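Structure first, commentary second.
The values are calculated or read from the model by the stated rules, or taken from the named source; none is laboratory data. Note that this is a predicted model, so its numbers are computed, not measured. Positions of Cβ are backbone-derived with ideal geometry, glycine not excepted, and every protein chain shown enters the neighbour counts. All accessible areas refer to the heavy atoms of the entire protein, side chains included, with ligands and DNA or RNA removed. Shrake-Rupley method; radii C 1.70, N 1.55, O 1.52, S 1.80 Å.
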Amino acid sequence: MIAAASAAPVLLAFAAASGSQAVAAAHTGGDPSVFSTSLDPVPTNRVDAHGSASVRLVGDTAWVTVRVRGLITAPHAMHIHAKGEGECPEADDATKHNGRRSMSTTDGLGDYGPVGTSLTTRGDTSPASALAIARFPQVGTYTYTRSIKLTHDMAMAVRHENAVIVVHGIDYNGNKKYDYVLGVSDLSASLPMEATAPALCGPLDRVGDH
Ligand SMILES: [Cu+2]
């Protein structure tokens, strides 16, 4: 009888300890975390559009939603950029392209960093698909949703709030199509600058942060 009575508190203590370990593990690993941002026009690029984006992370898997309203009817490359300053470019980052002050993707690189994930509609999502124009939204107002297995690096960049959503494709001269008003793209000699220049941008922040 004495042995049984003394064993009970030990079992209770063990149960309490393992319970708190489980809670600690959930907070560092597999718990869902939600990140979101408004997508605002990139300065100097004459964008009259807006949007929003959210990423729900479970482990390295991201449920990505991007809403865009008001861009021109044309392909819009979209990426998660990372490993820059986790920010969007400001007007003084713009340079002259074909003599016109505007923001190329390269102009903003220090702020948002290079492409980490391509938000394609199907197939590969690596940086190799950054300009896979046929696999991005083809219109200017849309809601994009896709579940994507991120690289672990990119998942960590999102968790550390160093990830930025960028939607590309502008209409600098307001003629409803991509042309060479800003010259050739800094990213591809076969595309006009308008097709690849950043249109909307937003840094992903953890929902609940203030
Ligand atoms: Cu991009």
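Observations on the structure shown:
- Considered as a group, the residues in region 190-204 that are assigned to a loop (DSSP other than H, G, I, E, B) and more than 14 Å from THR106 (Cβ to Cβ) include one that is least open to solvent (accessible area, probe 1.4 Å), and that residue is LEU204.
- Counted residues, region 86-96 - those being exposed (fewer than 14 other Cβ atoms within 10 Å of the Cβ) and not in a strand (DSSP E or B): 3
- Taken together, the residues in region 169-210 that are at positive phi and within 16 Å of the ligand (Cβ to nearest atom) amount to 1.
- Taking first residues from region 173-195 that are of a type in the set (Val, Ile, Thr) and partners that are in a loop (DSSP other than H, G, I, E, B) and crowded, with 16+ Cβ neighbours inside 10 Å, the Cβ contacts under 8 Å between residues at least 6 apart in sequence or on separate chains come to VAL181/TYR172; VAL184/LEU191.
- Among the candidates VAL207, VAL184, the residue that is over 17 Å from ALA62 (Cβ atoms), aliphatic (A, V, I, L, M) and surrounded by fewer than 20 Cβ atoms within 10 Å (Cβ to Cβ) is uniquely VAL184.
- Meets criteria (under 13 Å from the mean Cα position of the chain (by Cα) and closer than 25 Å to LYS176 by Cβ) for ALA130: yes
- Residue match in region 59-82 (condition: part of a strand (DSSP E or B), touching a Cys at 6+ places or on another chain (Cβ under 7 Å), within 16 Å of the ligand (Cβ to nearest atom) and in contact (Cβ under 8 Å) with a residue 24 or more places away in the chain): no
- When GLY99, GLY116, GLY123 are checked against the criterion of being away from the ligand (no atom under 12 Å from the Cβ), open to solvent by 10 Å² or more (accessible area, probe 1.4 Å), within 22 Å of ALA155 (Cα to Cα) and not hydrophobic (A, V, I, L, M, F, W, C), a single residue qualifies: GLY123.
- Taking region 126-168 as the range and being surrounded by 14 or more Cβ atoms within 10 Å (Cβ to Cβ), away from the ligand (no atom under 16 Å from the Cβ) and not in a loop (DSSP other than H, G, I, E, B) as the test, the residues that pass are TYR142, ALA155, MET156, ARG159.
- Boolean, PRO75 is over 17 Å from VAL115 (Cα atoms) and at pLDDT below 95: no
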